[in-house]
Structures are given as structure tokens and as C-alpha cells.
1. Sum -39500 (n - 2.57) across every DSSP H segment of at least 4 residues in the chain, then divide by the residue count to get the 222 nm mean residue ellipticity, nearest 500.
2. Under a point-charge model restricted to the Cβ atoms of Lys and Arg (+1) and Asp and Glu (-1), what is the dipole moment magnitude of segment 335-464 relative to its Cα centre, in debye to the nearest 20?
3. So for each of 329-339, 181-191, 478-488, 241-251 I average, over its residues, the number of other beta carbons within 10 Å; can you give me the resulting order with the highest mean first?
4. How much area per residue is accessible in the chain when the probe is 1.4 Å and only protein heavy atoms are counted (Å²)?
5. Could you check the spin-label model distance between Asn64 and Arg381? Points 7 Å from the Cα along Cα→Cβ, value in nm.
6. Which far-off residues, 5 or more places away or on another chain, put their amide H under 5 Å from the one on Arg373, with H placed in the peptide plane?
7. Pull out the extension gain between Thr531 and Asn543, defined as 0.36 nm times the separation in residues minus the alpha carbon to alpha carbon distance; nm, one decimal.
8. Any chance you could give the angle, 0 to 90 degrees and rounded to 10, that helix 514-527 forms with the longest Cα principal axis of the chain?
Amino acid sequence: MRKYILLLLSCCALGFQSSRAQSNSRHNFDIVKNLDIFNVVYKYLDVLYVDTLNANETVGAGINYMLATLDPYTEYYSEEQQEEMKEMLTGKFAGIGALLKYHRRLKCTVIDEPSKGMPADEAKLKKGDIILSVDGKKVTNMPINEVTKLIRGDAGTAVNLKVKRPLTGKTMNVKITRRTIQSPAMTYAGMVDDKTGLVVLSQFIEDCSKEVRRAVVELKKQGMQQMILDLRNNGGGDEREAVGLVGIFVPKGTLVVTNKGKHQGSVKEFRTTVEPIDSLMPLVVLANNGTASSSEITCGALQDLDRAVILGTRTYGKGLVQTVVDLPYNSSMKLTISKYYTPSGRCIQARNYTHGKKPATVHIPDSLTKEFRTAGGRVVRDAGGITPDVIVRADSITNIAYYLAYADSTEAVFDFAAEYIASHPTISKPAEFALSDADYDRFCQKVAASGFTYDRETEKLLKHLIEVAKFEGYYNDNKAEFDRIEKNLNHDLMRDLQYNKKQIMSILGLEIIPAYYYDKGSIEFSNSSDTQLKKALELLNDNESYHRLLTPVSNNGTTPSTKTTEK
């Protein structure tokens, strides 16, 4: 019997190996067959198609379509796009150091915000300056991405800009020497009160964890006893930098993240490699739906290790890892090779990507998520991103404020800010800055004169209700009532501007302050109205509540529940 069982198992093993070999053989044959077909198809197109083909565009489009059937993060970069790839990885590029903006009313590119100490700043370019030409080439009515390409170049070379200052009408020729520009990863580091430090990190690029480490050391010298790390709208970046950031707050050798993929080389563990600056200091991390990738690795690790309280709203849910693969002819590909897992073992990927003729994105429902436990026994869940320990929703933006800030084709906010900056050589400190009532009234008059329009949501809803009432036969009997409501809901632009004055004043302040105090000033200005930051401060100053949220499972097996605050 024993010999019979051994023989049976051997036959099964041989059968399995044979089946696997056949499967591999078929897979390899399919690859060769389809590549051969693709090659022949293109040869026929090149020889017989009615128009001459551009090989770079046609084959590039084919590659991009193929990758689009996989996931949004696997991308092809041609030889011409290598600078874009380099900038993405390092945050460095050569240029003049200014944010540019396409002005919709003027239909041209303008200076939005010169960066502190950069060539554009040194050349005295101001917000609102209109770029007329670059090295003698007219750029009015040119898409902003093309203008940007003309302005960028090799560090040390010069670019000649012809700009017009709208308030004076003066035209200037400015020669600027390009410089290597480092996009800032850490946009703010400072004390928000006598014992609380705030660090704002906008992206995970090369050496950003060292930058944050130095900032934490400096803030502790200034008296920091507790800290807020702001990762809101941080889309991530280098995974190793996330490990380095977590290492500031946890013991050396702590597991931060594990990668697991199909290829053996993609299976890796990442642990902290240096001693922490402070492994006990109370820490709150701010997160929202724009918090993704390496930011989620940071949030997930600090949450799983019970090292910080995560506060805000649920994160994006990107649990995939990419690497850059070099391709022939100086091209490259950013390729998804694995999923990452937080210390508790969870993968927070919120979307599944189905492949085939009609690729689709499927969100994983909460009902299918699984429970995991933090180091102290608190319940956390996989998929769906990182759910904060304390849910605090940011204040919503009103309808008219949204249109003024993001959708106004008249550029009323931008133009008012540029005029204000031109006529005010200095302003008060960011935390103290406020427009006067006269300034705001002048802004309202400019908005009214500009032809500004916006969708009135109540008006749209009323029109829909009237259509439904007519369809169902209720309109004629209630026409007088509908007319009365319509009259009462008649929108008055000046009334709406005054009703939403506080929020619109904040939007104007954020347009004006960077011209004097740069990014740091913008953050200092917005801190006073930041609901999530205020809640983080309240929590840190309530030692009992802070530690209760991180308390391990009690004897009766219960865990602290997620606390929710809504605004």
C-alpha cells in the first residue's frame, strides 16, 4: 500500500509538472505569436497605409494603450520624456524657479508665484506679469506646457523673456540664467504654539526624510514637546524615504513595510536603519483623500505600531509599488511590480484593476475588507486606504467661492491679487494679515464688472423640481407656489459675495501672501482657519484622550472606537 501511495504521488507530481510545462509553453507561444503579428501589422501600415506614419507616435500610442489595460501607474516614457521622469523621481529641473499660470481671459501664460531666492525672484518678476515671448518667440495664445518647455533648459544657460506688467502697461526684456531648481518636499517646519511643532511634507522625493529629521531636531531645540505631521494631499513618491521618515519616530530595526510581488526579487522587507530622534513624543498625522502611496506607508506604519494618531479623512488607497525599468534607445517604463503591506500585514489597495478588452477599475467595498491588529491590539482594516483614528472633515467650500477660486474664466481673484501686490510694497505678518472692508468691497465691484457667473445650485434644483412636477401633473395646481419660491430664490451676486465674505477673504489672502512670504507664509495664514489642524492641537493638548486612542485591547477584549468629528 505504501509503495502504491508513493507511486500515485509521483504520478500526480509528474502530471502537475507536465501540466505546468504545457501551460508555460502555451504562454510563451502566445507571446511570440502576438509580437510577430504586431510586427507584421506595422510593416503593412508603413508600406501600404494612405498617409506616412510617424513611428514614434504610432508605436508609442500602441505601447501606451497596452499599459492602460493594466493599472494607472504603469507608464511608458519615451526618450523625449526622460527629463519628466527625472523630475518626478528627484523633484529637480532646470529653469527660472516660478509657478506659471494660463490666464483664461488674456489667453496667455503669466507669472503666478516666483519661488524664494530663485532666478525669477531675483529678476524681480511679479505675480501677474504677462509673458509675451521667450527667446524672441511669441508665446501668446500658446498652451502653457509648450511655454514651459521653452523656458526650461540646461542649468547655466540664459533665457530671454519679454514680459508686460499689466498694472503699468510697461514692457520689459529680462535675461535670466537658468538654475537647477529643487521642488520643495517640506513646505513648512515651525512652532504653532509654545510646545507644538508642525511639519508639512508635500511629496516624498530624494533625501526628504533627512530634511524632516533635521527639522525635528531644530524644532526640539525650540521647545517642541509634541508634533503634527501634515501629509494631506501628499501623493507619495520614494518608498525608502517613507521608511526613513518613520525611522525618526520608532526604534532602529523596526519593520515599516513589506513588498510582495510575482517575481522573487520584488519580495522585500524594509526596516528602519538609524536611531530615532524621539520615539515617545506625542504625534498626530494629518491625512485626507489626497494622501497616497508613500504617505499611506507612513500613516499605516505609524498607526500599526501605535506610534501616532491619524486624524482627518480616509486616504486614497494606493497599495501598489512601482520601479523604473530602462528600455532601449534611452526610453524607460515605470512598472508596477508588487503590493506593499503595513507592519500588521494589511494591504490598503482600494481598487482592483480588471484586464481585458474593456479594462475597468473596481472599488473594493468595505464589507469585503478584513480585520488586522496593531501592535497594541487595536483593530485596523485592509483595502480602502487608511481609516483615521479620529475622523475630522475639512470645512467644505461654498459654491460661489469654488467658482471664484477654480472655475472663473474672468480670473477675478488672480487679477485682484496682482493689483493688490503691485500697490502694496509690504503687508503685515501672515498670521495677522487681513484685507480691509474697503479692499473687499473693491474686489466685489470688480467681480460684478467682470461678467463673473456661477451655477446656482438652488436654481438648478428648482428647475429640476418643476420639470418633475410637470411630468407628474402637479405643476399647474401649484404654479403660484413655484413662482413664489422662484422669486425668493432669485440670486443676488453682491448679496452672495457678502454672505460668503469670510471664506472668499481667505481665498484672496492665499493668493496675496505668497508674493511676500512664499509657501511658509501661506501655511501660517491658513493655520488659524484650518479645522483639522485645530482638532489635532486640541487632541495633543488633551493627554488623556490622546493616549486613550492608542490604548491596547482591554481585558474584556474591546478596543477604542474611532472618534468622529464632522464640520
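The values are calculated or read from the model by the stated rules, or taken from the named source; none is laboratory data. Computed from a prediction, not measured in an experiment: that's the story for all the values here. Neighbour counts run over all protein chains shown; Cβ positions are idealised from the backbone, glycine included. Only protein heavy atoms, including side chains, enter the accessible area calculation; ligands, DNA and RNA are left aside. Shrake-Rupley method; radii C 1.70, N 1.55, O 1.52, S 1.80 Å.
1. Details: 18 runs with 221 residues, N = 567.
After summing the helix terms and dividing by the residues of the chain, the value is -12000 deg cm²/dmol.
2. Details: 16 positive and 16 negative charges, 245 e Å.
It works out to roughly 1180 debye.
3. Numbers: 329-339: 16.0, 181-191: 18.0, 478-488: 11.5, 241-251: 23.8.
With the highest mean Cβ count within 10 Å placed first, the list reads 241-251, 181-191, 329-339, 478-488.
4. On the way: 31650 Å² over 567 residues.
Value returned for the chain: 56 Å² of accessible area per residue.
5. Each label point lies 7 Å from its Cα, and together they span 3.8 nm.
6. Those qualifying (amide H under 5 Å, at least 5 residues apart or on another chain) are Val380.
7. Details: separation 12, 0.36 × 12 = 4.32 nm, distance 1.96 nm.
Taking Thr531 through Asn543 to full extension adds about 2.4 nm, to one decimal.
8. Approximately 70 degrees, to the nearest 10.
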